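The values are calculated or read from the model by the stated rules, or taken from the named source; none is laboratory data. If you're wondering where the values come from, they're calculated on a predicted model, not measured in any experiment. Here the Cβ positions follow ideal geometry from the backbone for every residue, glycine too, while neighbour counts run over all protein chains shown. When the accessible area is computed, the model is the full protein with side chains, heavy atoms only, and any ligands, DNA or RNA have been set aside. Shrake-Rupley method; radii C 1.70, N 1.55, O 1.52, S 1.80 Å.
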Amino acid sequence: MLVVLLFLFILLDLSWAGNRTLSLGEVWAALTGNGTWGTDQIVNSQNLPRIAIGVFVGAGLAVTGGVMQAVFRNPLADPYILGLSSGASLGSALAILVGVSFIPLSASQPVLAFVFCLLTMFLVYTVSRAGGGNVRTETLVLAGVAVSALISAIVSFLTYIAPSDEMQDIVFWSMGNLGNPEWTEIAIVATVVVAGAAVMLTQCRKLNAMMLGDAHAMDLGVDVAKVRLMLLVVSSLVVAVSVAFVGTIGFIGLVIPHIFRLILGPDNRLVLPLSTLGGAAFIIMCDYVAHFVAPYYGVLPIGVVTSLVGAPFFVYLLVSRRREVGW
């Protein structure tokens, strides 16, 4: 079902042609090399690269959100709320504004985004453990919100003092934009997301044990500290690479795993693989909406659409089925 939905959303998004919509036959003809020059440019040169990077970014953010919710035993944990996206934003903004003289922007931006994303994760985790003891849910979320707010303020300051060209880049990037990526950028994102997701999916049984509590997980033979550290590093890498090329896109990591957890229960062997497909389908649907309204408002930043679609849907699920949530 999810594969069919993803395929349909991809076809719809491929059909967008500005002031008109291509027929599915024209889209298919262009994809198979039998279209006209015009449809080939629209489908294969304009829409396909944007959709390709969107599929991998959506899948990466969704599976990362599911892993974080399991690692922290916290239904509110996701890359956006815990500040990872903000940390990557700071690294990317510094790359745009300051740069690294001996490294091109296409390389320095994801590298700095990853470094600051990882530093943010450890800062949030350290703050939430201040005073000793276990990491409490409320403390972790509040630490994430506080650190995220601080970093957002720094990014705003950098945006304010940036020259006009760099300011536009930072502002446009901070609202999320799948844009027109190069195939080399898509290859980087695809490689990291596929490898990262594969690592995370191999840890589903251990994540199920960790959701019962650290003591129970250790009784079952899980090296909790090692698994948690490894998953945090992999999650940071996936988030950083995703955010570095398309900007900040919120709610995917929070909403998508929750939908499957509400429907299927807490078993990560089901939730994480389906979240990967669901995240890809969700971001392509939002991208189609962002382009569908173009004749009226211009093409919207996709981060705006994911929030407008994701937040009300999440509230609906939370209110209508909260008694069925097991954790």
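Scanning the stretch 35-63 for residues that are assigned to a helix (DSSP H, G or I) and free of Cβ contacts under 8 Å to residues at least 60 places away in the same chain gives TRP37, GLY38, THR39, ASP40, GLN41, ILE42, VAL43, ASN44, SER45, ASN47, LEU48. Contact map, the stretch 261-290: residues that are under 16 Å from MET210 (Cβ atoms) and charged (D, E, K, R) paired with residues that are open to solvent by 20 Å² or more (accessible area, probe 1.4 Å) and not in a helix (DSSP H, G or I), Cβ distance under 8 Å, separation 6+ or inter-chain. Pairs shown: ARG261/PRO75; ARG261/VAL325. Looking only at residues in the stretch 240-252 that are at pLDDT below 85 and part of a helix (DSSP H, G or I), the one that is most open to solvent (accessible area, probe 1.4 Å) is PHE245. Within the stretch 161-173, being more than 10 Å from PRO301 (Cβ to Cβ) and open to solvent by 80 Å² or more (accessible area, probe 1.4 Å) holds for ILE161, ASP165, GLN168, ASP169.
For ASP165, the conditions (1) within 30 Å of SER45 (Cβ to Cβ); (2) in contact (Cβ under 8 Å) with a residue 60 or more places away in the chain are fulfilled apart from (2). Once the stretch 204-214 is narrowed to residues that are at negative phi and in a loop (DSSP other than H, G, I, E, B), the residue that is most open to solvent (accessible area, probe 1.4 Å) is LEU212. When the stretch 174-187 is limited to residues that are part of a helix (DSSP H, G or I) and open to solvent by 30 Å² or more (accessible area, probe 1.4 Å), the one that is nearest to LEU90 (Cα to Cα) turns out to be SER174. Of ALA225, ALA190, all but one fail to be farther than 30 Å from LEU48 by Cβ, assigned to a helix (DSSP H, G or I) and open to solvent by 10 Å² or more (accessible area, probe 1.4 Å); the exception is ALA225. Once the stretch 257-313 is narrowed to residues that are of a type in the set (Ser, Thr, Tyr) and modelled with pLDDT under 85, the residue that is least open to solvent (accessible area, probe 1.4 Å) is SER307. Can you pull out every residue in the stretch 229-288 that is among the polar types (S, T, N, Q) and over 19 Å from TYR80 (Cβ atoms)? Result: ASN268, single match.
You will find that of LEU158, LEU150, LEU201, the residue that is farther than 30 Å from ARG269 by Cα and open to solvent by 60 Å² or more (accessible area, probe 1.4 Å) is LEU150 and no other.
Of all residues in the stretch 1-34, those satisfying the criterion of being assigned to a loop (DSSP other than H, G, I, E, B), of a type in the set (Gly, Ala, Ser) and open to solvent by less than 50 Å² (accessible area, probe 1.4 Å) are SER15, ALA17, GLY18.
Might you check whether a residue that is in contact with a Ser or Thr (Cβ under 6 Å, 6 or more places away or on another chain) and farther than 13 Å from ILE53 by Cβ occurs anywhere in the stretch 215-222? No: the stretch 215-222 contains no residue that is in contact with a Ser or Thr (Cβ under 6 Å, 6 or more places away or on another chain) and farther than 13 Å from ILE53 by Cβ.
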